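Heads up, the thing below is written out as structure tokens.
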């Protein structure tokens, strides 16, 4: 995951555990809401086999937020679910990354990325434990 690319850190923030993001960010810096956190829905599309024609799978709740830090930098966030605080914190981190990215990347994004990698590794290990190996034995015909 590229933490220098905005889409990379936005995706990481959107998928982060809200409690961990809150802990890493700490007290919220001074900011003004341009668009208070709002809950809405988006249509999720799928594809048969990953390559077929798209179809509407269903709606998913999302929360969005736009704010401006005291420095004037604007941050945006869209997160899955109905967590207003998660959307606000993600927008704050987005704005902070645009101001001075190095300390934010080290203090917030890297720990979030490591936690996500650990969750994915645990999920892969759990799935691997259920893997079934099939084999056939060749019979000698008499």
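Each value in this text was obtained by applying a stated rule to the coordinates, not by laboratory testing. Bear in mind that the values here come from a model prediction, so they are computed numbers and not experimental data. Neighbour counts are summed over all protein chains in view; Cβ atoms, including those assigned to glycine, are modelled from backbone coordinates with ideal geometry.
Points to keep in mind about this one:
- Neighbour counting of Cβ atoms within 10 Å sorts the residues 93, 79, 44, 62, fewest neighbours leading, into 44, 62, 93, 79.
- Look at 94, 99, 2 and count the other Cβ atoms within 10 Å of each Cβ; fewest to most, that gives 2, 99, 94.
- For segment 72-142 and segment 33-58, distance of Cα centres in Å: 19
- Over the chain: Kirkwood hydrodynamic radius from C-alpha pairwise inverse distances, Å: 17.5
- Exposure proxy shown here: for 86, 31, the number of other Cβ atoms within 10 Å sets the order, fewest to most, as 31, 86.
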